[in-house]
Amino acid sequence: MERKALILKILENDKGGKIVLSSLAVVVFVVAFCNLFVPSDSIFYISTFTVTILGKYLAFALLALALDLVWGYLGVLSLGHGAFFALGGYAWAMYLMRQIGDRGVYGNPDLPDFMVFMNLKELPWFWQGFDNPLFAFLMVMLIPGILAFVFGYLAFKSRVTGVYLSIITQALTYALMLAFFRNDMGFGGNNGLTDFKDILGFDLQADTTRVALLIITFLALVLGYLVCRFIINSRLGRVVISIRDAESRVRFLGYKVEQYKLFIFVVSAVLAAIAGALYVPQVGIINPGVFSPLFSIELVIWVAIGGRGTLYGAIIGAIVVSFASTYFTSALPEIWLYALGALFVISTLYLPKGVVGVFAQLSSKLKKA
């Protein structure tokens, strides 16, 4: 009862968040039920491919949520959040690779196939321990968290702000992309990590595993939303919003602005990393392309189109734009990137509050009428 009361208190006066999360809960339930319990020859059957695609969209929604926390409420436009997403994905992919064992192409029980191909004789030191899922999940959060802490400490302590900070975050993810493309880094080079078999002892190709991953991803999204909403509703959150609106005034009042910025930046990075870890087993691959600055920029577009500074707007934007990307990259691949850019420009100039803002305006007009 206390937990339920806490959740209701967090979501108090958050009508949009309740609607979005409830709608997603219904969609996830229907998709899971129709995949597992409806015969495959029925018109109501939903394929495992659809389950996987929806799970990927929800992982992207958690990633967008992480960016909205730092951009929408702190006012820090990060063009490098794809780096934290990718690091979390790589950390969990290392665990999945260790689970393959002797079922790889070369049948080596200790080394992944790409290491055998590169004539490595023993497992690199930084791969040690990743056969343990608890250790791997700890690394999913710890590695991006430490990177965000060190990067944020140096940047915020130096009072780097605005477009300069955005450029530095973009440089961070670009540098990591170049590093992970190198074969001698020990992460599969250009091909990345793939060909996963099991997760926690369950077959990754089984329908039940795919549905379980979908449900876990949804629950992680809900938990991430509650954490973000809890922070924003707290006294800390009010200070963070004040920093966004008038940083110099908050600093003049005696608040240690850098500490607030650093805390939000690290929390956001950890959420992005968890999204990456949930993304990898559902998609089945992680490669350096995820570090691409273009991916981080696309992430910004999700949040801008959905409506930044709302949290649930970021979820809507991520799912809608990802669905449009899936459809149009196959139907109209030549114009999709131009259309995506046009959407971002239009939303910036004419829809500053995104899709959420449009619905809010329509709702207020209907009430007045």
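The values are calculated or read from the model by the stated rules, or taken from the named source; none is laboratory data. All values derive from a computational prediction rather than experimental measurement. With ideal geometry, Cβ positions are generated from the backbone for all residues, glycine too; neighbour counts draw on all protein chains shown. Each accessible area value is taken on the protein alone, full model and side chains, heavy atoms only, with ligands, DNA and RNA left out. Shrake-Rupley method; radii C 1.70, N 1.55, O 1.52, S 1.80 Å.
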Per residue of segment 276-285, what does 6.51 cos²θ - 1.76 cosθ + 1.60 with θ = phi - 60° give for ³J(HN,Hα)? Whole Hz please, x for Gly and Pro, Karplus curve as stated. x, 5, 6, 5, 4, x, 7, 7, x, 7
Sequence-distant or interchain residues sharing an amide H contact under 5 Å with D198, placed H: which? L204
Accessible surface of segment 85-213, 1.4 Å probe, proportion on carbon and sulfur as whole %: 63 percent
When Lys and Arg each count +1 and Asp and Glu each count -1, what net charge do the other residues less than 11 Å away from G354, Cβ to Cβ, add up to? +1
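Determine the share of segment 280-361's accessible area contributed by carbon and sulfur atoms, expressed in whole percent, with a 1.4 angstrom probe. Mind dumping the intermediate values first?
Working: 2880 of 3890 Å².
Ligands and nucleic acids excluded, carbon and sulfur reach 74 percent.
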Rounded to the nearest 10 Å², what accessible area does D203 have for a 1.4 Å probe in the complete protein model? 80 Å²
Want the number for F252 to A25: 0.36 nm per residue separation, take away the alpha-carbon distance, what's left? 77.3 nm
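What pairs in K9/K256; K15/K256; K18/K353; K56/K353; K9/K261 have C-alpha atoms more than 21 Å from each other? Before the final figure, lay out the partial values.
Working: K9/K256 28 Å; K15/K256 33 Å; K18/K353 19 Å; K56/K353 25 Å; K9/K261 25 Å.
Long pairs (Cα-Cα over 21 Å): K9/K256; K15/K256; K56/K353; K9/K261.
How would the chain be classified by its alpha-carbon gyration tensor: rounded, prolate or oblate, with rounded meaning a/c under 1.5 and the a/b versus b/c comparison settling the rest? Intermediate results must be reported in sequence, preceding the final value.
Working: a/c = 1.68, a/b = 1.24, b/c = 1.36.
The shape class here is oblate.
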Calculate one ³J(HN,Hα) per residue across segment 105-111 by plugging θ = phi - 60° into the Karplus curve 6.51 cos²θ - 1.76 cosθ + 1.60, and present them in order as whole Hz with x for glycine and proline. 4, 8, x, 7, x, 10, 10
Residues whose built amide H sits under 5 Å from the amide H of I286, excluding neighbours closer than 5 in sequence, are L193
Karplus-derived 3J(HN,Hα) from phi for segment 152-163 (6.51 cos²θ - 1.76 cosθ + 1.60, θ = phi - 60°), whole Hz, x at Gly and Pro, runs x, 4, 5, 6, 6, 5, 7, 6, 7, 9, x, 5
Highest to lowest packing among 89-102, 71-84, 210-223, 319-332, scored as the average C-beta count within 10 Å: 71-84, 89-102, 210-223, 319-332
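Counting Lys +1, Arg +1, Asp -1, Glu -1, what net charge surrounds F60 among other residues with beta carbon under 14 Å of its beta carbon? Kindly include the intermediate steps, with their values, before the conclusion.
Numbers: positive: K56; negative: D68, E298.
Once all neighbours under 14 Å are counted, the net charge is -1.
Counting only heavy atoms of the protein chains, get the accessible area per residue of the chain (1.4 Å probe) and round it to a whole Å² value. Before the final figure, lay out the partial values.
Values: 18870 Å² over 369 residues.
Ligands and nucleic acids excluded, the result is 51 Å² per residue.
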